[in-house]
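**Q** Structure in structure tokens, see below.
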């Protein structure tokens with residue numbers, strides 16, 4: 001068994017911890033802003049969520065290697081919840097209620113419930129998020145940038161995209177000729 005760290009161990013690793021915290025901050029800040037923007041939430045709420053989440057997880061976690069931060073998969077959930085609840089304030093109330101439920105389940109040691117979710121479901125969700133990201137970038141790959149921020153749906157297929165898709169082999173053959 002490992003011993004709990006002493007105060008001098010914290011000070012000994014402080015320079016390395018400071019450097020790693022700066023790196024995590026620089027990675028998490030654009031993600032927090034991006035998730036807030038994509039979710040139609042105020043940008044400041046993304047910053048607050050990142051700061052509060054990082055501090056609370058850091059203080060509450062007993063792991064020396066835990067990392068917390070924004071997840072792109074939350075974007076669709078937050079955007080759908082705001083639309084479903086018809087207001088940002090109602091969404092915030094729902095988040096607080098869910099947080100209380102999570103704390104309650106944590107104190108009841110109910111984390112074992114997660115073991116009943118099959119790995120295939122988790123891998124399927126992650127694969128779906130990856131496919132969404134790839135499909136949303138495909139129009140940009142072929143040069144269709146009329147809506148450079150992206151549409152909220154995949155109903156972007158129109159005559160311009162179809163003509164761009166069918167012109168890709170022509171473009172490739174011209175590039176190979178040079």
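**Q** State the Kirkwood hydrodynamic radius of the stretch 1-111 in Å, one decimal place, computed from all pairs of distinct Cα atoms.
**A** For the stretch 1-111, inverting the mean 1/r across all distinct Cα pairs yields 16.0 Å.
**Q** So, one more: Could you work out the relative contact order of the stretch 1-70? I mean the mean sequence separation of Cα pairs under 8 Å and 6+ apart, divided by the number of residues, in percent.
**A** Relative contact order, the stretch 1-70: 26 percent.
**Q** Could you work out how much longer the chain between residue 55 and residue 100 gets when fully extended? Use 0.36 nm per residue separation minus the Cα distance between them, nm to one decimal.
**A** My answer for the length gained is 14.5 nm.
**Q** Given an 8 Å cut-off on Cα distances and at least 6 residues of separation, report the relative contact order of the stretch 17-123 as a percent.
**A** Relative contact order, the stretch 17-123: 21 percent.
**Q** For the ranges 29-38, 49-58, 8-17, what's the packing order if you count other beta-carbon atoms within 10 Å of each residue, average per peptide, and put the highest first?
**A** Descending packing order for the listed peptides: 29-38, 49-58, 8-17.
**Q** Return the distance in nm (one decimal) between the two label points of a simple spin-label model at residue 134 and residue 93, each offset 7 Å from Cα along Cα→Cβ.
**A** About 4.2 nm separates the two model spin labels.
**Q** Sticking with this one: Multiplying the sequence separation of residue 68 and residue 108 by 0.36 nm and subtracting their Cα-Cα distance, what value in nm do you get?
**A** Stretched out fully, the residue 68 to residue 108 stretch lengthens by 12.2 nm.
Rule-based calculations on the coordinates, nothing more; no lab input. What you see is a predicted model; the values in this text were computed from it and never measured. Note that each Cβ is placed from the backbone with ideal geometry, even for glycine, and that neighbours are counted across all protein chains shown.
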